[in-house]
Number of protein chains: 2
Amino acid sequence: MPLYLEDLTPGLVFTGGPLPVTQRDVVEFGRQFDPQYFHTDPQTASSSFFGGLSASGWHTAALSMRMAVESPLNFADGVIGIEVRNLRWPRPTRPGDTLRLDLEVLETRPSRSRPGWGTAVVRWTTLNQADQIVMTAEPVIWVARRPG
Amino acid sequence: MPLYLEDLTPGLVFTGGPLPVTQRDVVEFGRQFDPQYFHTDPQTASSSFFGGLSASGWHTAALSMRMAVESPLNFADGVIGIEVRNLRWPRPTRPGDTLRLDLEVLETRPSRSRPGWGTAVVRWTTLNQADQIVMTAEPVIWVARRPG
C-alpha cells in the first residue's frame, strides 16, 4: 500500500533486499562508470588500496536505491531525491556479498513551496551478509501528502 | 601525469567530460537500479513529478564519477571515496543531455592514521549543455602522498 507523508513517523523502520552482488556485476558497473583497476580487474586488484576486487561506492549506492525502491517504504508518487546527507562507505562491497538495506524515517516536514508535497529524511544503512556496514546515507526526499 | 597530495592546492580547477546521455542509457540504468516509471517509461513519465523521462540521480552521480576518473585530476593511486558531503540534484539529467563535470580542490590534509596517504575534499559540479547544474557534491577522497 503506497505511503503518504502523513503515514511517516520518526523512528519507523523498514528493510530492503536481500540483493546478491556477483563479480560480473562489479566489473560491469566498474567498466561503465568507475573504470579503475580495483573495480574492473580481479587479477591486479589484489595489489590495490582495497587488497582485492571491490565494488565502486556508486555501485553500492545504486544497489541501495534499488533495495529502497523495492522495499515496503513505498511512497505514493515515487522515491524522488532532493539531496543526500552524510554519504559514507566505511568498507567496500565485495563480489559474492549479499546486501540488505535498513531504512529509518528520521523526520518529515510539509513543504511550504510545493503544495501537496512534503519532505522526509530517511537514514539508509547498507549491510553485507556479515552485518558489516558498507554504506550509510541520509537521503532527503519528496513525499506526496495524502489527497483530500 | 598522476597527481599526489603535494600537487593539490585549494582553488585548483579541472574539467571532465563531455559525456552524452541517451534515452537508452537512462532507461537501462533505471531498470537496473531505480525501477520507477519516470526513469524507465518514456510514455507515462510525462505525467510524473518530473514532467518527462529523467535520469536517476544515482545515474547522474555514476556518470559524474566516470568523468572524474577520466579527467586530468588523475591521482597516482586512484580516486577512492571515503564520504560525500552535500550531494544535491537541483534538476534532473534528461535524455539527450550532454554532461560535463567541473572539479575544484577545496582542501587537503595529510592522514594521521594512514602513513603515505592524505585526504582531499573536491567540489564536483555537474552541468548540462545549457550550463544548468544537475548535481553538486563534495567527495572526500584518499590521495597518496608523493613517495620519498
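The values are calculated or read from the model by the stated rules, or taken from the named source; none is laboratory data. Because the structure is predicted, anything quoted here is derived from the model rather than measured. Methodologically, a virtual Cβ is constructed for each residue, glycine included, from the backbone with ideal geometry; neighbour enumeration extends over all protein chains shown.
Here A:Ser113 clears all of (1) at the interface with chain B (Cβ under 10 Å from one of its Cβ atoms); (2) modelled with pLDDT under 95; (3) more than 19 Å from A:Gly11 (Cα to Cα) except the condition numbered (1). Residues that are hydrophobic (A, V, I, L, M, F, W, C) and crowded, with 19+ Cβ neighbours inside 10 Å were ranked within the stretch A:128-139; the one that is farthest from the chain's Cα centre (by Cα) is A:Val134. The set of residues in the stretch B:100-148 being without any contact (Cβ under 8 Å) to a residue 60 or more places away in the chain, assigned to a strand (DSSP E or B) and hydrophobic (A, V, I, L, M, F, W, C) consists of B:Val121, B:Val122, B:Leu127, B:Ile133, B:Val140. Taken together, the criteria exclude A:Leu103 from residues that are more than 20 Å from B:Ser56 (Cα to Cα), away from every other protein chain (no Cβ under 13 Å) and at pLDDT 95 or above. Condition check for B:Asp41 on (1) within 20 Å of the chain's Cα centre (by Cα); (2) at pLDDT 95 or above: one failure, at (1).
So, A:Arg146, is that one more than 11 Å from chain B (Cβ to nearest Cβ), surrounded by fewer than 16 Cβ atoms within 10 Å (Cβ to Cβ), over 17 Å from A:Ala68 (Cα atoms) and at pLDDT below 95 or not? Taking the combined requirement at face value, the residue satisfies it.
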